[in-house]
Amino acid sequence: YAPEPRQVAYFDGEMGAEELQDRIRRMMKTHHVTDKVLINNLFIYTPDLFKTQINLTTVEGQAHVNRFMDRCDVEIAIMDNLSTLAGGIDENSTKKFQPVQDWMVERRSVGKSIGMVNHSNKSGAQRGTSKYEDVLNVSINLRRPKDDDESLMFKGARFELHFEKTRGK
């Protein structure tokens, strides 16, 4: 529940623009969201459309995201996903992730919220170093329910939310 609409930027480093547009159209139809609500509140960044791949480990990549956020006047940015938008780093290296963490703290200091999507490893925990969570207020792990019947062809998305970290809540 959101008490009022917020300006959100969604940075996708993985999907193609056409697939992303199709997915958004399907979600709009399912949740009865109007074009007007979306156009006024959601700003999409995908390398297919902007011809620039973002790398959050670099000053240039961070500045590019900051300019997009400022131009769209957004309060929240969703980075999907850490592996593609902070590419080229050893995911288990705390030192290599430090520039991204510093940038996230800087963004928070100017009233911007950053959400990071990270893939899970083979055991179901997050991929990479636990340092990814150091400055986060909340960390959520999506898990398949134990009673999930994989034999059903289509049943929609089913998952459990597991709060791994909740600061101040």
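For segment 39-82, with every protein chain kept in place, what is the accessible area per residue (1.4 Å probe, Å²)?
The answer is 51 Å² per residue.
Spelling out what I want: for every residue of segment 129-144, take phi, set θ = phi - 60°, compute 6.51 cos²θ - 1.76 cosθ + 1.60 (Karplus), and round to whole Hz; glycine and proline get x.
5, 5, 4, 3, 9, 3, 9, 6, 8, 9, 10, 10, 10, 8, 10, 5
Given H placed 1.01 Å from N in the peptide plane, which residues other than close sequence neighbours of residue 43 have an amide H under 5 Å from its amide H?
Hits under the 5 Å cutoff: 8, 9, 10.
Return the carbon/sulfur percentage of the accessible area of the chain, one whole number, probe 1.4 Å, all protein chains in place.
Looking at the chain in its full context, I get 53 percent from C and S.
Once you wrap a convex hull around the alpha carbon atoms of the chain, what is its projected area averaged over all directions, in nm²?
Averaging across all directions leaves 11.5 nm² for the Cα convex hull.
Only Cα pairs under 8 Å and at least 6 apart count here; give the relative contact order of the chain as a rounded whole percent.
20
At a probe size of 1.4 Å, how large is the accessible area of residue 108, to the nearest 10 Å²?
Residue 108 has an accessible surface of roughly 100 Å² with all protein chains in place.
Put 68, 50 in order of accessible area, largest first, 1.4 Å probe: what do you get?
So, going from the largest accessible area down, we get 50, 68.
Rolling a 1.4 angstrom probe over the protein chains, ignoring ligands and nucleic acids, what is the accessible area of residue 59 in square angstrom, nearest 10?
For residue 59, solvent-accessible area is about 110 Å².
Given Cα positions, please report Rg to Rh for segment 9-105, the hydrodynamic radius being the Kirkwood one.
Rg divided by Rh gives 1.01.
Based on DSSP H runs of at least 4 residues, each adding -39500 (n - 2.57), what is the mean residue ellipticity at 222 nm of the chain after dividing by all its residues, to the nearest 500 deg cm²/dmol?
It lands at -10500 deg cm²/dmol.
Would you check the chain for Lys pairs whose C-alpha atoms are within less than 21 Å, ignoring same-chain pairs closer than 8 in sequence, and give me the count?
Number of lysine pairs found: 12.
Where in the chain are the DSSP H helices whose alpha-carbon span along the long axis reaches 15 Å or more and whose Kyte-Doolittle mean is at least -1.0?
Membrane-span-like by this criterion, though nothing is claimed about a membrane: 59-72.
The values are calculated or read from the model by the stated rules, or taken from the named source; none is laboratory data. Keep in mind the model is a prediction, meaning the values are calculated, not measured. Remember, those area values only see protein heavy atoms, side chains included, never the ligands or the DNA or RNA. Shrake-Rupley method; radii C 1.70, N 1.55, O 1.52, S 1.80 Å.
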